[in-house]
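Engineer: Structure below; questions to follow.
Just so it is clear, none of the values below were taken in a lab; they were calculated from the coordinates. The structure presented is a predicted model; accordingly, all values stated were derived computationally and were not measured. Cβ placement follows ideal geometry from the backbone for every residue including glycine, while neighbour counts extend to all protein chains displayed.
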Amino acid sequence: MHPPSLSNRSIEAYAPVTSGDRLERLRELAETLSDVRVLHVNSTATGGGVAELLRSIVPVCNDLDVETDWLVMDADDDFFEVTKAMHNGLQGNAEPLTDEMKATYREVTEANAVEIEDEYDLVLAHDPQTLGMLERLEERLPDAPILWRCHVDLTDPVEDYLAFVSAYTDPIDHAIFSRSAYAAVDVPATSIVYPSIDPVTAKNRSLEEGELAAERDHLDPLSFDTPVVTQVSRFDPWKDQFGTLEAYRTAKAEVPELQLALAGGMAGDDPEGLEFYERVADEAVDDPDVHVLTDLPDATINALQRLSDVVVQKSLREGFGLVVSEALWKRTPVIGSTVGGIPLQVEDGRNGFLVEPDDATSAGDRIVDLLEDDERRRTFGDNAREHVRERFLLPRQVVDLLEIFVEALE
Ligand code: UDP
């Protein structure tokens with residue numbers, strides 16, 4: 001296990017976008033937890049939504065004087081191939097689950113669990129990768145409640161995989177899901193907590209004209225002089241970049257100068273990423289208006305989400321989909337599929353449009369509808385900003401989590 005390096009955060013930085021009542025509640029909860037030491041555990045320090053969340057939650061909790069550590073599992077590709085198959089299986093894709101895979105999972109999770117030597121009053125483990133550590137953690141820290149946060153879309157899990165992870169859920173005192181429909185695991189208590197974006201980071205803060213112009217240059221040859229549709233996602237079949245390409249082609253038949261940006265990266269715990277990226281890049285190679293962009297810095301992602309006319313998130317499964325709120329916060333309308341956490345964020349006909357996940361043609365038609373109506377794009381953008389401000393910014397999520405901590409420690 002290793003701690004990732006983190007930059008400091010001050011809760012004061014959130015005052016301009018948070019109500020006084022919410023900040024007051026945060027301080028009250030933090031006071032109750034002032035003698036509590038919390039540990040977060042997950043399987044990657046970079047890439048993907050969980051790392052993105054922890055990079056903000058952990059320093060903010062420390063600034064509030066709730067002592068909080070974050071440890072990342074040490075593992076190699078053999079383990080991550082197993083856990084990616086688990087992720088896929090839990091999201092409904094039947095891949096074989098062999099005894100060898102189960103043994104690899106057990107071995108690596110146990111080896112990581114024994115490395116936790118400090119004392120903690122509460123443990124919050126994230127996602128299926130960590131489940132195998134919980135039994136040993138419970139033995140080591142018998143008085144600490146064990147919480148498990150599942151960020152995976154559990155709407156339609158493959159039975160074998162659900163049975164495999166369920167064998168590890170006994171030590172869990174309280175499970176946290178991103179949506180009520182996901183509560184498929186049998187545990188004594190569950191809560192729903194919507195994830196959130198952090199409005200003060202390089203990814204999401206407002207950009208001055210000059211900064212925006214500099215980032216626009218970094219994105220060259222993508223030009224914002226003609227319409228741009230964007231998807232920002234890990235290269236992963238669930239994110240359906242091929243469906244987005246199809247939607248773009250439908251729209252391009254009506255708007256010939258249209259460009260598509262597919263920005264993505266590879267998460268540290270996702271060995272499938274590179275191969276899928278190569279397939280997407282191959283498919284796009286003949287069209288100079290399709291830009292496949294990898295490993296952009298956060299400020300460049302920020303500018304891309306801000307400067308795009310429309311963002312598409314046509315995932316086939318999606319735990320929550322932070323990228324949707326990231327775009328909406330920047331006043332960019334989103335066309336999203338009716339899966340996972342996307343409909344919580346996209347209000348059909350108010351800040352974007354919802355389409356069925358297998359309906360790339362409708363997604364393409366909706367792109368055209370939005371591109372043809374500047375006034376509607378602006379109204380949707382304003383609605384989008386307010387929707388995220390109310391529901392999906394970091395302080396709200398920290399309140400929700402600390403309330404659960406207080407309840408679990410009672
Ligand atoms: N992300 C990024 N660069 C990329 C692709 C994704 O910084 O090239 C970030 C994205 O901005 C978001 C997170 O990774 O903050 C993805 O979270 P989301 O919940 O949308 O999906 P996940 O990857 O967790 O399935």
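Engineer: Provide the descending list of Cα extents for the stretch 226-314 along its principal axes, expressed in whole angstroms.
Structural biologist: Dimensions of the stretch 226-314 along the principal axes of its Cα atoms: 39, 27, 21 Å.
Engineer: Could you work out the Rg to Rh ratio of the stretch 130-229, with Rh taken as the Kirkwood radius (inverse of the mean 1/r over all Cα pairs)? Mind dumping the intermediate values first?
Structural biologist: Details: Rg = 21.3 Å, Rh = 17.4 Å.
Radius of gyration over Kirkwood radius for the stretch 130-229 works out to 1.22.
Engineer: Let me ask another. Using a/c under 1.5 as the rounded threshold, could you call the stretch 207-275 rounded, prolate or oblate? The axes a ≥ b ≥ c are square roots of the C-alpha gyration tensor eigenvalues, and prolate needs a/b larger than b/c, oblate otherwise.
Structural biologist: Because a/c hits 1.5 or more and a/b fails to exceed b/c, the stretch 207-275 counts as oblate.
Engineer: Projecting each Cα onto the charge dipole of the chain (Lys/Arg +1, Asp/Glu -1 at the beta carbon, about the Cα centre), which of THR294, VAL165, ILE11 comes out farthest on the positive side?
Structural biologist: So the residue we want is ILE11.
Engineer: So, one more: List the residues, sorted by chain then number, that are 5 or more residues from HIS291 or on another chain and whose placed amide H is less than 5 Å from its amide H.
Structural biologist: LEU260, ALA261, LEU262
Engineer: Where the centre of each part is set by its Cα atoms, how far does the stretch 1-21 sit from the stretch 269-347, in angstrom?
Structural biologist: 25
Engineer: Which value, in debye to the nearest 20, describes the size of the charge dipole of the stretch 233-334 about its Cα centre when Lys and Arg Cβ atoms bear +1, Asp and Glu Cβ atoms bear -1, and nothing else is charged?
Structural biologist: So the dipole magnitude of the stretch 233-334 works out to roughly 520 debye.
Engineer: Could you calculate the FRET efficiency of ARG22 with ASP286 from 1/(1 + (r/R0)^6), where r is the beta carbon distance between them and R0 is 51 Å, rounded to 0.05?
Structural biologist: Taking R0 as 51 Å, the efficiency between ARG22 and ASP286 is 0.50.
Engineer: Can you give the extra length, in nm with one decimal, that the chain gains between ASP298 and GLU159 once fully stretched, where that is 0.36 nm per residue apart less the Cα-Cα distance?
Structural biologist: Using 0.36 nm per residue and subtracting the Cα-Cα distance, I get 46.3 nm.
Engineer: Which of SER206, SER315, SER56, SER191 comes first, and how do the rest follow, when ranked by fewest Cβ neighbours within 10 Å?
Structural biologist: Working: SER206 12, SER315 28, SER56 24, SER191 18.
With the fewest neighbours first, SER206, SER315, SER56, SER191 line up as SER206, SER191, SER56, SER315.
Engineer: Check each of the GluC sites (Glu not before Pro) in the stretch 147-245 and keep only those in coil by DSSP with at most 14 other C-beta atoms within 10 angstrom; list them in order.
Structural biologist: Counting only loop positions with at most 14 other Cβ atoms within 10 Å, the GluC sites (Glu not before Pro) in the stretch 147-245 are GLU208.
Engineer: Label the stretch 92-189 by shape, choosing from rounded, prolate and oblate, from the square roots a ≥ b ≥ c of the eigenvalues of the Cα gyration tensor; if a/c is under 1.5 it is rounded, and otherwise prolate applies when a/b is larger than b/c, oblate when it is not. Working shown, then result.
Structural biologist: Details: a/c = 2.41, a/b = 1.26, b/c = 1.91.
Oblate, since a/c reaches 1.5 and b/c is not below a/b.
Engineer: Taking the C-alpha atoms of the stretch 185-224, how large are the radius of gyration and the largest Cα-Cα span, Dmax, in Å?
Structural biologist: Considering the stretch 185-224 through its Cα atoms, Rg and Dmax are 18.9, 54 Å.
Engineer: Computed over the Cα atoms of the chain, what is the ratio Rg over Rh, Rh following Kirkwood?
Structural biologist: Using only Cα positions, Rg/Rh for the chain is 0.96.
Engineer: Starting from the coordinates of the alpha-carbon atoms of the stretch 279-322, obtain the Kirkwood hydrodynamic radius over all distinct pairs and give the value in Å to one decimal.
Structural biologist: The answer is 12.7 Å.
Engineer: Convex hull over the alpha-carbon atoms of the stretch 251-364: what's its volume per residue in Å³?
Structural biologist: Output value, Cα hull per residue: 118 Å³.
Engineer: Let me ask another. Nearest 20 debye, what's the magnitude of the dipole of the stretch 57-129 about its Cα centre given +1 on Lys and Arg Cβ and -1 on Asp and Glu Cβ?
Structural biologist: Dipole magnitude for the stretch 57-129 comes out near 520 debye.
Engineer: Kirkwood hydrodynamic radius, the stretch 83-139, all distinct C-alpha pairs: what's the number in Å?
Structural biologist: Numbers: mean 1/r = 0.0797 Å⁻¹.
This gives a value of 12.6 Å.
Engineer: Suppose every Lys and Arg Cβ carries +1 and every Asp and Glu Cβ carries -1, with no other charges. What dipole size does the stretch 289-347 come out with about its Cα centre, to the nearest 20 debye?
Structural biologist: 120
Engineer: With each label point set 7 Å from Cα along the Cα-Cβ vector, what nm distance links ARG249 and THR32?
Structural biologist: 5.5
Engineer: Give the residue from ALA213, TYR182, THR201 lying farthest towards the positive end of the charge dipole for the stretch 162-289; charges sit on Cβ (+1 for Lys and Arg, -1 for Asp and Glu) and the dipole is referred to the Cα centre.
Structural biologist: TYR182
Engineer: Oh, and also: Which whole-Hz couplings ³J(HN,Hα) result when phi for each residue of the stretch 82-92 is put into the Karplus expression 6.51 cos²θ - 1.76 cosθ + 1.60, θ = phi - 60°, listed in order with x for Gly and Pro?
Structural biologist: Once θ is set to phi - 60°, the couplings for the stretch 82-92 become 5, 6, 5, 5, 5, 4, 5, x, 5, 8, x Hz.
Engineer: If you don't mind, there's one more thing I want to ask. Find how much the distance from ASP77 to VAL406 grows on full extension, using 0.36 nm per residue of separation minus their present alpha carbon separation; answer in nm with one decimal.
Structural biologist: This chain segment gains 114.7 nm when fully extended.
Engineer: I want the antiparallel fraction of DSSP beta bridges within the stretch 1-149, as a percent rounded to 5.
Structural biologist: Numbers: 1 of 15 bridges.
Bridges in the stretch 1-149 that DSSP calls antiparallel: roughly 5 percent.
Engineer: Continuing with this model, one more query. Could you work out Rg/(2.2 N^0.38 Å) for the stretch 1-157, with Rg from alpha carbons only?
Structural biologist: On the way: Rg = 17.2 Å, N = 157, 2.2 N^0.38 = 15.0 Å.
Compared with the compact-globule rule of thumb, the stretch 1-157 sits at 1.14.
Engineer: In addition: With r as the distance between the Cβ atoms of LYS102 and GLU278 and R0 = 25 Å, compute the FRET efficiency 1/(1 + (r/R0)^6) and round to 0.05.
Structural biologist: Values: r = 30 Å, r/R0 = 1.19.
For GLU278 and LYS102, the calculated efficiency is 0.25.
Engineer: Straight-line reach from LYS102: which lysines fall under 16 Å, measuring Cα to Cα and dropping same-chain residues less than 8 apart?
Structural biologist: Partners within reach: LYS84.
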